[in-house]
Every structure is written in C-alpha cells, then in structure tokens.
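The values are calculated or read from the model by the stated rules, or taken from the named source; none is laboratory data. Since we're looking at a predicted model, the values are computed, not measured. Using ideal geometry, Cβ is built from the backbone for each residue, glycine included, and neighbour counts are taken over all protein chains shown. Remember, those area values only see protein heavy atoms, side chains included, never the ligands or the DNA or RNA. Shrake-Rupley method; radii C 1.70, N 1.55, O 1.52, S 1.80 Å.
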Amino acid sequence: MIMPIYLYGTKVWDAPAKKITKFDDSLVGLIRDMFETMHNADGIGLAANQVGLALSLAVMDISVMEDYASEKPLVAINPEILESSGEYTLEEGCLSVPGIRDEVTRADAIRVRYTDGNFERVETELTGMWARVFQHEYDHLQQKFFINRLSGVKRQILKPRLAKIKRNEIRSRYPVVALIDEKKSR
Ligand code: ZN
C-alpha cells in the first residue's frame, strides 16, 4: 500500500520517534508498505515519521542509483549511531522537503547498531553512500531534516519555499500531507 508522505511542517515532526518493542506481522506489513511508498516516490530512504508514524524505523534502498545496483535494501529498526569519523559534502534532497536540494556535510564512516528486517540485531560499519543515507534517515528519527544542517543564511533564503511546502503549493509526483491539509481535516 502506498502511503502519503508527511511534509516538512506537519504535526508528526513534533513527536519524538518511539522505540519499537513489538516485532510482529503488523511491523512486517508496515516495512513492506514503506518500501512500496519509497519506491513509488523514487526515494532511496524513508523514515517512519515520513509516513505519519513517530516510530524508530527507517527503510533504505540505494540500488536505483548508478554504481550501486547490486546493493541490498536495508531495514533499520531502533537505529543508533555509535561512532562517526571523517566528513564529506554531497548534495541531498528529501521526499518531505520537495523541490529543495543543497549540499550537506556529514561523516563518511559510521559505526551503527540496529535491528534488521529479519528482526536480528546488527552492528556494523557503513561508509560512503550508505553512511550518508543512514545519517539522513537517522536525523529524521531525531525530528530533523537536512535543511537543519544548513547555515542560517541558507535557511533564511529557503523560508518562502518552506512556507509553500506548508501550504501544499509544491507539486509532487507522489501523495503528500502538508500542514494545511492537517488544519482542514480538524
Ligand atoms: Zn528525508
């Protein structure tokens, strides 16, 4: 099932992501739906709060990118970043912040711990693109967006565009929920 993607400014982003404690069929179904939603929107990562659920869960799949075709999808339940090192800068976008892309500096190697899609605990090191996507999704679970990592000047410039996102005036190729839609339905 394709779910609508909750944009920057919606209420779900006010709630901290809760740790997942029930590993059951409904979690399997949610993970499947999140992959379907992400692929439909041509994304490479999706956090649960992006589909309106304040849960500590993210799915990622970078195999659609050139040079990464053989990479397997990754499910991260209750992810933690234990260590990080190095840094590099790359342009990022986000399904919850449509129409905005900018360069973000992040660690290029991270040591992480999470529960995977088979409900097994994993501790591993991620580098390059995997480290990048993991940190982007991990940020979402801390109620953050890549734009929070930009300079104050850059964020100031983005303000009118972010206001448009809240009013749902950005045309996107996938179903979305904006702040204005939440206000209407109350
Ligand atoms: Zn994002």
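When residues of the stretch 124-165 are filtered for being acidic (Asp, Glu) and in contact (Cβ under 8 Å) with a residue 12 or more places away in the chain, how many remain?
Within the stretch 124-165, the first condition is being acidic (Asp, Glu), and the residues that meet it are 125, 137, 139.
From the residues that got through so far, the ones that are in contact (Cβ under 8 Å) with a residue 12 or more places away in the chain too are 125, 137.
Qualifying residue count for the region: 2.
Of all the residues that make up the stretch 72-92, how many are surrounded by fewer than 16 Cβ atoms within 10 Å (Cβ to Cβ) and not polar (S, T, N, Q)? Residues flagged as surrounded by fewer than 16 Cβ atoms within 10 Å (Cβ to Cβ) and not polar (S, T, N, Q) within the stretch 72-92 amount to 10.
Looking at Ile180, is it within 23 Å of Ala15 (Cβ to Cβ), open to solvent by less than 60 Å² (accessible area, probe 1.4 Å), part of a helix (DSSP H, G or I) and away from the ligand (no atom under 16 Å from the Cβ)? Taking the combined requirement at face value, the residue satisfies it. Is it the case that Arg171 is touching a Pro at 6+ places or on another chain (Cβ under 9 Å), open to solvent by 30 Å² or more (accessible area, probe 1.4 Å) and in a strand (DSSP E or B)? Here the answer is no, as Arg171 does not meet what is asked.
Filter the stretch 12-33 down to residues that are part of a helix (DSSP H, G or I) and open to solvent by 100 Å² or more (accessible area, probe 1.4 Å), then give me how many there are. Step through it out loud before you land on a result.
Here is the first cut: in the stretch 12-33, the ones part of a helix (DSSP H, G or I) are 12-14, 25-33.
Narrowing the set further to residues that are open to solvent by 100 Å² or more (accessible area, probe 1.4 Å) leaves 14, 25, 32.
Qualifying residue count, the stretch 12-33: 3.
Condition test on Gly9, is it farther than 22 Å from Thr115 by Cα and in contact with a Leu (Cβ under 8 Å, 6 or more places away or on another chain)? Spelling it out, Gly9 is indeed farther than 22 Å from Thr115 by Cα and in contact with a Leu (Cβ under 8 Å, 6 or more places away or on another chain). Scanning the stretch 62-118 for residues that are assigned to a loop (DSSP other than H, G, I, E, B), more than 16 Å from the ligand (Cβ to nearest atom) and of a type in the set (Gly, Ala, Ser) gives Ser63, Ala69, Ser70, Gly86, Ala107, Gly117.
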